[in-house]
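Beneath this line is the structure, given in structure tokens, with notes to follow.
The values are calculated or read from the model by the stated rules, or taken from the named source; none is laboratory data. Quick caveat, the model's predicted, so the values are computed rather than measured. Heads up, the Cβs are rebuilt from the backbone with ideal geometry, glycines too, and the neighbour counts pull from every protein chain shown. Side chains are part of the model used for accessible areas, which takes the heavy atoms of the whole protein and leaves out ligands, DNA and RNA. Shrake-Rupley method; radii C 1.70, N 1.55, O 1.52, S 1.80 Å.
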Amino acid sequence: MRNLSFFVACTLGGLLVPSAVSSDTISERAKKLHFSSVVVDTHNDTTQRLLDEEFDLGVRHPDGSIDIPRMREGNLSAIFLSIWMSGKITGPEAVKRAEAQLKAVHEQVRRNPKDLVLATTASEVRDAKREGKIAVLMGVEGGHMINNNLDVLRSFANSGVRYMTLTHSVNVEWADSATDKAAHNGLTDFGKDVVREMNRLGVIVDISHVSDKTFYDALEVSKAPLFASHSSCRAICDAPRNMTDQMMRDLAAKGGVVQINYHVGFLSQEFRDAEKKDPKINEAIALQVRQRCGGDGNEGCMLIEGDRITREFVAQGKLPRVDYTKIIEHIDHAVKVAGIDHVGLGSDFDGANMPYGMEDATMLPKITEALLQKGYSEGDVRKILGENTLRVMTGVERVSRELNAKR
């Protein structure tokens, strides 16, 4: 969840009401491939909406990017829901809020047993697909939520958390963020202990948001594959949240995966340059978000209004339009750099500004269609859609078993 300015970074969402992908825009071959594949999305911020007890994933909503009907329509087979809050919220309060979000996810699964099932392993994701259900998984987006306490990390893992992003937009006491001034030269000794304990618990080490030095420290310490749950390619869009070509190669060498993020500010250099050129645009968007949402910190409202207001600025010509084909460009670049076994999907749905044509989960078959049109084999498309992520999960689970067997 990161966006135009720091405030907007913590509040905007990809939330327009699209029409469904027309059947005549997707070939029969692409439909058959897409709907028979396990499609995994490793990062969604829909959890912020779940904190509203009246919000039900089971009904189709007139806003947002994610609900059960639209996940069904786009064959989103497995979704990692993000447990997120600003990195400025720390201490026991951060733990308390994280626990509330975990509870909200569990509650949605309880309410919708015919459609949803909580999953914690790759095999459970595959079982859900066979049973015609959507697998729900969870990732903690920011190490500040463990309050410098490995027992809290263990508690999160026991609640079903299967990845943790080491930092969010600011440093934690034991790791440097990509978007903060370096304070630790990467991971501290305690930060390395966090990585080791994540390995033992079977929690994937997520390096989206971390500084380059933190990435390399984590890569060295971890015995299990890592992934970037929602990062794109820095060679195409020079955002510090994106990965360099060398980082992607090194991540791949350890069996990891870069999950391509759909946020326009990470896809398009033109969009990023426009943001920098006129900071008043960001200020105006943030002001309008606060006005429309009452300034009360309602993240659900902010998610909806942020993207809506940003698109108004696009319509006015103040920001450039970005189309979903940029996602394909990043996927293709990452495949060429890291290899076909090391690229996946981490949309940032409900937490960022989506490109035109990828407003919600119903649009996902477009990715399959576009990759086939570029000449990707059906087997390679399946890898990008989800098989690569499942392989990482399996590898992390194996390392966890091995480490626990030695205790």
Counting only DSSP beta bridges with both residues in the chain, tell me the antiparallel percent, nearest 5. 10
Among 101, 134, 267 - extreme Cα towards positive end, dipole of the chain, charges at beta-carbon: 134
Of all C-alpha pairs within the chain, those more than 42 angstrom apart amount in percent to 4
For segment 256-331, the Cα gyration tensor yields equivalent-ellipsoid semi-axes (√(5λ), largest first, whole Å) of 24, 17, 10
List the equivalent ellipsoid semi-axes of segment 232-291 in whole Å, largest first, each obtained as the square root of 5λ for an eigenvalue λ of the Cα gyration tensor. 30, 12, 7
If you find the alpha carbon centre of segment 28-70 and of segment 105-175, how far apart are they in angstrom? 16
Please list, in order along segment 202-209, the HN-Hα scalar couplings obtained from phi with the Karplus expression 6.51 cos²θ - 1.76 cosθ + 1.60 (θ = phi - 60°), rounded to whole Hz, x for Gly and Pro. x, 9, 5, 7, 9, 10, 4, 5
About its Cα centre, what dipole magnitude does the chain give when the only charges are +1 on Lys and Arg Cβ and -1 on Asp and Glu Cβ, stated in debye to the nearest 20? 740
Per residue, accessible area of the chain with a 1.4 Å probe, heavy atoms of protein chains only, in Å², comes to 37
The simple spin-label model distance between residue 149 and residue 131, using points 7 Å out along Cα→Cβ, in nm, is 3.3
Taking only the C-alpha atoms, wrap a convex hull around segment 297-407 and report its volume per residue in Å³ as a whole number. 157
Return, for the Cα atoms of segment 99-214, the radius of gyration and Dmax in Å, separated by a comma. 15.6, 48
Which residues' amide hydrogens lie under 5 Å from the amide hydrogen of residue 140, considering only partners 5 or more residues apart or on another chain, with H built in the peptide plane? 83, 162, 163, 164, 165
Would you work out the charge dipole size for segment 246-364 about its Cα centre, treating the Cβ of every Lys and Arg as +1 and the Cβ of every Asp and Glu as -1, and quote it to the nearest 20 debye? 320
Could you tell me what percent of the accessible area of the chain is made up of carbon and sulfur, with a 1.4 Å probe and every protein chain present? 48
Using Cα positions and a limit of under 25 Å, work out the lysines in reach of residue 280, with same-chain residues fewer than 8 apart set aside. 88, 181, 318
